Amino acid sequence: MGNSAKAKSIGRLILQLALGCMLIVGGIWALQGGGDFGALAIKSWLGKNFGVIFGVIELVAGVLLVIECFTKDIFGKFDNILGLIIMIVWLVAIVVGDIIKGDFDPFLPWLYNFAGHVIILGALWSLND
């Protein structure tokens, strides 16, 4: 793995595009009544209306992340606030959904899903500068 600045910037671009697209899809999905891991957690804890609100936040944050791949940081701290909200919800969803209420049997599928959720949290954390 290269440590050059170019490799890091390409890696960050790929991560930002992928996370932005994932948040866009998750937001649309939540607005359609379903949702990703975070939206489903919000809906189960606080009700359907909060799931829709979280879906809007995810959608807007995803669009801003994708736009910022091709422009300078034109949104200031606004996208960081949305990212922080998503990060907090995602962390709570991991603790409650994966750890407290987690179904560890069979273990490997649980570990795979848990790792995916933690990777997303890490990406949110890494890109929320």
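Okay, here's what the table says:
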| item | result |
| --- | --- |
| Fully extended contour minus Cα-Cα distance, from Trp45 to Leu111, at 0.36 nm per residue | 21.4 nm |
| Separation of the Val63 and Ile10 label points, Cα + 7 Å toward Cβ, nm | 3.1 nm |
| For the chain, the Rg and Dmax computed from alpha carbons only, in angstrom | 15.3, 46 |
| Anisotropy class of segment 37-88 from Cα gyration tensor, a/c 1.5 cut | prolate |
| J(HN,Hα) series, segment 121-126, from Karplus relation 6.51 cos²θ - 1.76 cosθ + 1.60, nearest Hz, glycine and proline x | 4, x, 5, 4, 5, 5 |
| For segment 58-129: accessible area per residue (Å², 1.4 Å) | 61 Å² |
| Distance between modelled label sites at Phe104 and Asp73, nm, 7 Å Cα→Cβ extension | 4.0 nm |
| Per-residue [θ]222 nm for the chain (sum of -39500 (n - 2.57) over DSSP H runs n ≥ 4, rounded to 500) | -26000 deg cm²/dmol |
| Inter-centroid distance (Cα atoms) of segment 16-62 relative to segment 102-129, Å | 17 Å |
| Portion, in percent, of the accessible area of the chain that falls on carbon or sulfur, probe 1.4 Å | 74 percent |
| Inter-label distance for Met22 and Val92, nm, one decimal - labels placed 7 Å from Cα along Cα-to-Cβ | 2.0 nm |
| For segment 5-45: rounded, prolate or oblate by the Cα gyration tensor [a/c cutoff 1.5] | prolate |
| Segment 35-113, relative contact order in percent, only Cα pairs under 8 angstrom and at least six apart counted | 30 percent |
| GNM top mover of Lys77, Lys43, Lys101 - the chain, alpha-carbon springs below 10 Å | Lys101 |
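The values are calculated or read from the model by the stated rules, or taken from the named source; none is laboratory data. Worth saying up front: this structure is predicted, and the values here are computed from it rather than measured. All Cβ positions, glycine included, derive from the backbone under ideal geometry; neighbour counts span all protein chains shown. Note: accessible area is taken over every heavy atom of the protein model, side chains too, but ligands, DNA and RNA are not part of it. Shrake-Rupley method; radii C 1.70, N 1.55, O 1.52, S 1.80 Å.
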